[in-house]
1. How much length, in nm to one decimal, is gained on full extension between T85 and S445, taken as 0.36 nm per residue of separation minus their Cα-Cα distance?
2. Give a residue-ordered list of calculated ³J(HN,Hα) values for the range 414-420 (Karplus: 6.51 cos²θ - 1.76 cosθ + 1.60, θ = phi - 60°; whole Hz; x for Gly, Pro).
3. With label points built 7 Å along Cα→Cβ from the Cα atoms of T108 and V585, find their separation and express it in nm.
4. Modelling each spin label as a point 7 Å along the Cα-to-Cβ direction, I'd like the S542/N597 distance in nm, to one decimal.
5. Quick one: work out Rg over Rh on the C-alpha atoms of the range 61-207, Rh as Kirkwood radius.
6. Using a ≥ b ≥ c from the Cα gyration tensor of the chain (square roots of the eigenvalues), is it rounded, prolate or oblate, where a/c under 1.5 gives rounded and otherwise the larger of a/b and b/c decides, a/b for prolate?
7. In nm, what is the difference between 0.36 nm times the number of residues separating E634 and A252 and their Cα-Cα distance?
8. Can you give me the Cα centroid spacing of the range 499-542 and the range 262-331 in angstrom?
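All of the numbers you see were taken from the coordinates with simple rules; none came from a lab. The model shown is predicted, which means the values in this text are computed figures rather than measured ones. FYI the Cβ positions are ideal-geometry reconstructions off the backbone, even for glycines, and counts take in every protein chain you see.
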Amino acid sequence: MRRLPGRRPLGRGLPGRRLLALGAGVALATASLAAPSVPASAQAGPAKPKPRTAAADCAPAQVVGNGGFENGTSPWTASSNVIFTGGGETAHSGSRFARLGGLGRTHTDTLSQSVTLPAGCSSASLSFWLHVDTDETDQVAYDKLTAKIGTTTLGTFSNLDAADGYVKKTFDVSAYAGQTVTLTFTGAEDPSLQTSFVLDDVALDVSGGTTPPGGDSTRTPAAPSYTVNLTSDSSGGTWTGHESASFTNASATPLSEVYLRLWDNYHGSCPSSTPITVGNVTGGTAGSLEVGCTALKITLPAPLNQGQSGTVGFDLKIVVPSGADRFGRDGSYNFIGNALPVLAIRDASGWHLDPYTNNGESFYSLASDFKVTLDHPTSIAVPATGTSVDTPGSSGRTVTTATAAKVRDFAWGAGPFQKISGTSSGGVKVNVYWVSGISSSSAQSMLNTATNALDVHSSRFGAYPYGEADVILDNNFWFGGMEYPGFVLDLVSSTALAHEFAHQWWYGIVGDDEYNSPWLDEAFADYSTDLYFGDDGAGCWSNVSWASSAEKITNSMAYWDAHSSRYSTVVYGYGKCALHDLRRVLGDTAMATLLRNYAQSHWYGVSTTAEFKAAAQAATSTDLTSFWSQHRIEG
């Protein structure tokens, strides 16, 4: 994903209003593409910046008491008049909420609760809904709200975050598994002009079963294959049907269960209203929704030994929410990213059940095969991942069948898009779709950028393997651009489009754990974009200024969600500058060879920081130990 200056995410709250931004980012460049068909990378598990708890089984649970404040104050400890109803504010759900501040004088409110996170749970996610309103007018953070768990500050918000409506905040607190800690919110106002920090629906979800004995690093379930049949309503905003997922246990450790990631349930209100609904599960027994309703455990009828295969099936309903988002609706146009449930990965760290982040990406999946059949009104176009074939359906309808091999996800759009097509010099068909309000000349310019980027970066990293690529243009996207395999959502911006096409390699073909190692796709994509535009990054490291000793290029999204204003600066900006510096150490030719060979050796596999560092060290006789330390690249 690429963020552009001044773009802020839309939250989910009061209809028709501008909502509080999550993780405003700095705009940075990027571009490029892929490599030849080569075996997947070695199975070594990725280095993790946060610990995961091994051992005992975990019963999924929500451990915050009275998180919606509907039952009075207990078990919260709160300042006077913090938990109440009315006062010019409304609850996110129910009738009660907690308001810290709102007095317009020097004042501090606190709200706290002691919580216990079970020792056997490998994943813990704290979430709450926040609304901020203020009478402050200066662009200065006078009044602040701090969220802490134990002694760790998870996030700080201020009067600068004021907007109508609520926005959901989510933090990974898995490091506290097995501990009893205090969850604390502190609101502090200065001498004048009120700011109200309104909290509701606080939850701490724990989940995740055992870590495989002996830290088995093999990523499983492997070779996923998805078959999906969906039918839309007249607008393309609601889809119903069936999905099945077949897989093989590649690990020597038996596979007793699988997890489906229902990522887009982040955009709903868990558990009362979720946009992704799974039912009538076959091939296993479904448990309860976990991790903010974004994970569903399915216990298999019997454990699968190494090499054995299984299939789970389920009915599926998708309801696209309003908002020009990577999963959202902008007028008549629907954007449907991360809506299909996909299998989570188990490796040496156990099951990867990280929370959804709206500041970047949480997605981590193995290369998979998809066959997706979409039955829709003929009046709407359905661009999608893979290669599509349209056939007549029932009266006034068309059936689009999209097939994609060795991709990590599947996304599509639905709406009355306009369309132009072209072919790159390498023979890749590129389709550009656009919403009303965008000129055909702008679309043509973006088509030229797309075909050129495919050619230039195919020559740099290896040939784009998918045969087709679709782009949807909408200048209302708050996020700038967003990548999916063979499918891009973008503004009219050649830089953003070059960045998203770079992700076809750095994330798509060469995969990574986007939650725990976001630099491996974002920094590499931004570096590739610089190469595309002929920018050698001269002197960029001289502008680096670290905010703290804890700030590192290789930090996870758990860190960046708590320090969202620094995410793009460090991961995109400092990350690509570090790669430019590495090129200056190795030399241009050696760096080009390194990246091409690295892409080939990880083709359809998974990259880790440790593996890239080892590959870079093997490309030079210079000891890179001090280089990694100086550039804060750990792992």
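1. On the way: separation 360, 0.36 × 360 = 129.60 nm, distance 5.34 nm.
Residue separation times 0.36 nm, minus the Cα-Cα distance, leaves 124.3 nm.
2. Here the 3J(HN,Hα) series is 8, x, x, 5, 8, 8, 10 Hz.
3. The two pseudo-label positions are separated by 4.4 nm.
4. 3.3 nm
5. Details: Rg = 14.9 Å, Rh = 15.4 Å.
Taking Rg over the Kirkwood Rh, I get 0.97.
6. Details: a/c = 1.30, a/b = 1.24, b/c = 1.05.
Rounded is the answer for the chain, as its axis ratio a/c remains below 1.5.
7. Numbers: separation 382, 0.36 × 382 = 137.52 nm, distance 2.93 nm.
Taking 0.36 nm per residue and subtracting the Cα distance, the gain is 134.6 nm.
8. 30 Å
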